[in-house]
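J.: Please read through the structure below; I'll follow up with questions.
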Amino acid sequence: MRNRSPYTAALLLSLSYALLPQISQAAAPPDRTEAKSSVATDRQAPDDSQRPADTNSPADSAQNERPDSEPATNKTETPPAAPRKARVLFISMQGCSVCTRELTRLRRPGGDFDAMRTKGWKIGSTPDCHLQIVDRTEIPELVVRYGIQSYPTVIGVEGDEIVRSFKSGCTTPLDSWTFGFLLKGENERPRGTVSEAARVASTGSYPLRGNHWSIEGEWNPPKDRIVSHLRATHGNQIAATYAIETWSIEELKSLHDDLHEREGGGATTNYVGSGYAQPTRSVNFTSAGHKMGF
């Protein structure tokens, strides 16, 4: 073997030192920390096919696509309560100042509605309430069916039939006693209750009352139909001096109501001054032992 000169040996040694870092880097094993991080990333980020459909983007999930006009549904929404068979309706109209005034009076703290609630009345806007307060636009089919034209209209219904109604201006105030009559057909107003001044047409032939019974299924019949009913059904009970054909419609209704109750067709009367104001039991609406009897 040929001997290298000292110069050649030194040159080879210096080249070896220069190439040593590159050789070491090429032969080094992969960094375990980096590999582990890569595996963890792959495990934490599955593709959309492994995600629940509702977590995918709208473009990948048809379940997330909904037309703008289609509202979201609430699967836990409580179904509407079934209507009460017997209930009172207070039907109002937007812009009706009388409606607003009456409701404000009835709703005042310590007023009629508060007293009624303490006796078990449910008062609200739904048909499962004892007293349902509703705008005419919410029940257009009932407004047409019942022929309602003035507001507020306050009626007592049983099923789809109006059985009792209230007329303001006939000396009877719209209060808890009136609502009780409309719901149950019982007059529990105590004797001595202060009446309102009459504001409807009257000949003065018969005392007025505002709590009315329907006549042969009609809650607001015309005058000639009331006269015909009175003559045909109650003729033997009408005084010979009563020229009912000349009476006002509210006087005719008041006479019919008293006769209807006198015959036992409804509440016994206790309307002061009504032609049939015989003594009856007086019930204190606020007494602890009184049951509303719904």
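J.: With (1) in a helix (DSSP H, G or I); (2) touching a His at 6+ places or on another chain (Cβ under 9 Å); (3) closer than 25 Å to GLU216 by Cα as the list, and MET116 as the residue in question, which single condition is left unmet?
T.: Every listed condition holds for MET116 apart from (3).
J.: Return the only residue of THR153, THR137 being at pLDDT 95 or above and closer than 21 Å to GLY217 by Cα.
T.: Details: THR137 fails: closer than 21 Å to GLY217 by Cα.
Residue meeting the stated conditions: THR153.
J.: Out of all the residues in region 170-188, which are buried (at least 21 other Cβ atoms within 10 Å of the Cβ) and farther than 18 Å from GLU102 by Cβ?
T.: Within region 170-188, ASN187 is the sole residue that qualifies.
J.: Still on this structure: As an exercise: evaluate GLU158 against (1) at pLDDT 95 or above; (2) under 31 Å from the mean Cα position of the chain (by Cα); (3) crowded, with 22+ Cβ neighbours inside 10 Å; (4) of a type outside the set (Phe, Trp, Tyr) and give the number of the one condition it does not meet.
T.: Only one criterion in (1) at pLDDT 95 or above; (2) under 31 Å from the mean Cα position of the chain (by Cα); (3) crowded, with 22+ Cβ neighbours inside 10 Å; (4) of a type outside the set (Phe, Trp, Tyr) is unmet by GLU158, namely (3).
J.: Which of the residues belonging to region 122-163 are touching a Pro at 6+ places or on another chain (Cβ under 9 Å) and of a type in the set (D, E, K, R)?
T.: Result: ASP128, single match.
J.: Every residue in region 91-124 that is in contact with a Ser or Thr (Cβ under 6 Å, 6 or more places away or on another chain) and either more than 27 Å from PRO80 (Cα to Cα) or among the acidic types (Asp, Glu) (or both), please.
T.: Correct list: ASP112 only.
J.: Take the residues in region 200-216 that are within 14 Å of HIS260 (Cα to Cα) and in contact with a strand residue (DSSP E or B) (Cβ under 7 Å, 6 or more places away or on another chain); name whichever of them is surrounded by the most Cβ atoms within 10 Å (Cβ to Cβ).
T.: ASN211
J.: Right, another one. Out of the residues in region 78-110 that are β-branched (Val, Ile, Thr) and buried (at least 17 other Cβ atoms within 10 Å of the Cβ), which is farthest from ARG136 (Cα to Cα)?
T.: It comes out as VAL88.
The values are calculated or read from the model by the stated rules, or taken from the named source; none is laboratory data. For clarity, every value in this text was computed on a predicted model and none was experimentally measured. Glycine gets a Cβ as well: all are built from the backbone with ideal geometry, and neighbour counts include every protein chain shown.
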